[in-house]
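Let me give you the structure first, and then I'll get to my questions.
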Amino acid sequence: MRRLLAEDPQLDAVFVASDMMAHGALQALKDADFVVGLSSWKTNLEYADVLLPIAPFTETSGTFVSTEGRVQNFHACVNPLGDARPGWKVLRVLGSLLGRQGFDFDTIEQVRAACLGGRDVAALLSNRIAGGGASAESPQGIQRIADVPIYFTDPLVRRSPPLQKTRDARPPRAWMNSRLLAKLGVAAGQPVLVNGNVKLMAALDDRLPEECVRIAAGHPASAAIGPMFGAITLAKAAAERVA
């Protein structure tokens with residue numbers, strides 16, 4: 001059995017460090033005998049056998065850790081909608097029904113204490129880079145550079161109709177400099193194929209380095225491309241016939 005908690009795996013999996021981790025998460029869901037989804041939306045129905053409603057982070061209290069390792073607590077802005085409950089409460093009930101130990105929590109403070117245990121979280125984190133850069137091989141082929149636009153970042157903003165109408169929520173395009181456009185034989189506004197199966201519109205940005213293309217992540221149109229950084233293939237898309 002697999003559990004899926006408040007995620008869009010096909011979109012969020014590409015944020016992880018490796019392609020193996022991203023595709024491994026999706027494959028594990030497809031191969032599982034039984035998948036329980038905990039979400040605030042009707043999503044992941046192609047994987048989940050059961051979907052349980054939970055409150056989004058705006059409707060529950062919790063804790064997050066900043067990039068500098070600082071533990072920061074937050075409180076719910078409003079009460080959960082309908083019969084939805086915070087994710088930890090749903091997990092507590094499931095654990096109790098299954099007779100599992102360690103699920104007897106009544107407050108978010110108890111959950112926080114069990115998770116953090118008084119540890120120095122900052123000391124557990126590291127920004128060290130393993131290995132030496134001098135011996136690294138030069139990248140071969142066209143390299144993808146990915147950004148994550150502000151309104152692609154999490155399930156909540158992705159489902160906000162007003163935010164998705166803004167300039168920052170425009171569908172991803174394949175941004176490249178004029179020399180790469182000429183090499184591919186395409187012009188800005190024409191379609192290109194990425195990795196042979198993802199069609200995007202080409203766009204001009206002469207600030208980009210040679211042999212690099214910038215394609216935003218976190219959007220259904222670019223999710224199938226895979227990792228946010230690394231070698232990809234680009235080709236001019238064949239013209240479609242109109243009946």
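Compare D205, D104 by solvent-accessible area with a 1.4 Å probe and give them largest first, with all protein chains kept in place.
D104, D205
Related question: Taking the chain as the reference, fit the longest principal axis to its C-alpha atoms, fit the long axis of helix 87-97 to the helix C-alpha atoms, and give the angle between the two in degrees, 0 to 90, nearest 10.
It works out to around 50 degrees.
Straight-line reach from K183: which lysines have Cα under 22 Å away, leaving out those fewer than 8 places along the same chain?
Counting by Cα, and skipping residues close in sequence, K183 has these lysines nearby: K199, K236.
Next question. Compute the label zone of D147 within the range 194-214: residues whose backbone N is under 19 Å from the point 7 Å along Cα-to-Cβ.
Zone members listed by number: 200-214.
With the full set of protein chains in place, find how many percent of the accessible area of the chain is carbon and sulfur; take the probe as 1.4 Å.
On the way: 8730 of 15550 Å².
In the chain, the share of accessible area belonging to carbon and sulfur is 56 percent.
Using Cα-Cα distances under 8 Å and only pairs 6 or more residues apart, what relative contact order does the range 41-82 have, in percent? Intermediate values should be presented prior to the final figure.
Working: 37 pairs, mean separation 14.2, N = 42.
Relative contact order, the range 41-82: 34 percent.
Could you order K42, K89, K199 so the one with the most accessible surface comes first? Probe is 1.4 Å.
Ranked list, largest accessible area first: K42, K199, K89.
Considering Cα pairs under 8 angstrom that are at least six residues apart, work out the relative contact order of the chain and quote it in whole percent. Don't jump to the answer; show the numbers that get you there.
Numbers: 375 pairs, mean separation 45.3, N = 243.
Once normalised by length, the contact order is 19 percent.
May I ask for the angle, rounded to the nearest 10°, between helix 19-31 and the longest principal axis of the chain, with both axes built from Cα atoms and the value confined to 0 to 90°?
60 degrees
Given (i) 63, 55, 36; (ii) 52, 46, 29; (iii) 62, 55, 32 as candidate values of Cα extents along the principal axes in Å, which corresponds to the one derived from the coordinates?
The value matching this structure is (i).
Express in Å², to the nearest 10, the accessible area of S178 obtained by rolling a 1.4 Å probe over the protein heavy atoms while all chains stay in place.
50 Å²
Under 5 Å between amide hydrogens, which residues at least 5 positions from V35 or on another chain qualify, with H placed 1.01 Å from N in the peptide plane?
Excluding prolines and chain starts, which carry no amide H, the hits are R2, D49, V50.
Now for a separate question. Compare the Cα positions of L184, Q140, T67 along the charge dipole of the chain (+1 at Cβ of Lys, Arg; -1 at Cβ of Asp, Glu; about the Cα centre) and return the one farthest towards the positive end.
My answer, from the dipole projection, is L184.
So what's the back-of-envelope 222 nm ellipticity for the chain, counting only DSSP H runs of four-plus at -39500 (n - 2.57) apiece and dividing by all residues, rounded to 500? Display every interim value, and only then the final one.
Working: 7 runs with 52 residues, N = 243.
Roughly -5500 deg cm²/dmol at 222 nm, from the helical runs in the chain.
Please list R167, R159 in order of solvent-accessible area, largest first, computed with a 1.4 Å probe with all protein chains present.
Details: R167 175, R159 80 Å².
Largest accessible area first, the residues go R167, R159.
Could you list the chymotrypsin sites (Phe, Trp or Tyr not before Pro) in the range 43-91 that lie in coil according to DSSP, counting only those with at most 14 other Cβ atoms within 10 Å of their Cβ?
Working: sites: Y47, F57, F64, F74, W88; in loops: Y47.
Answer by residue number: there is no such site.
The values are calculated or read from the model by the stated rules, or taken from the named source; none is laboratory data. None of these values were measured; they are calculated from a predicted model. Glycine also receives a Cβ, built like all others from the backbone with ideal geometry; neighbour counts cover every protein chain displayed. Accessible surface is based on the protein model in full, side chains and every heavy atom, while ligands, DNA and RNA are left aside. Shrake-Rupley method; radii C 1.70, N 1.55, O 1.52, S 1.80 Å.
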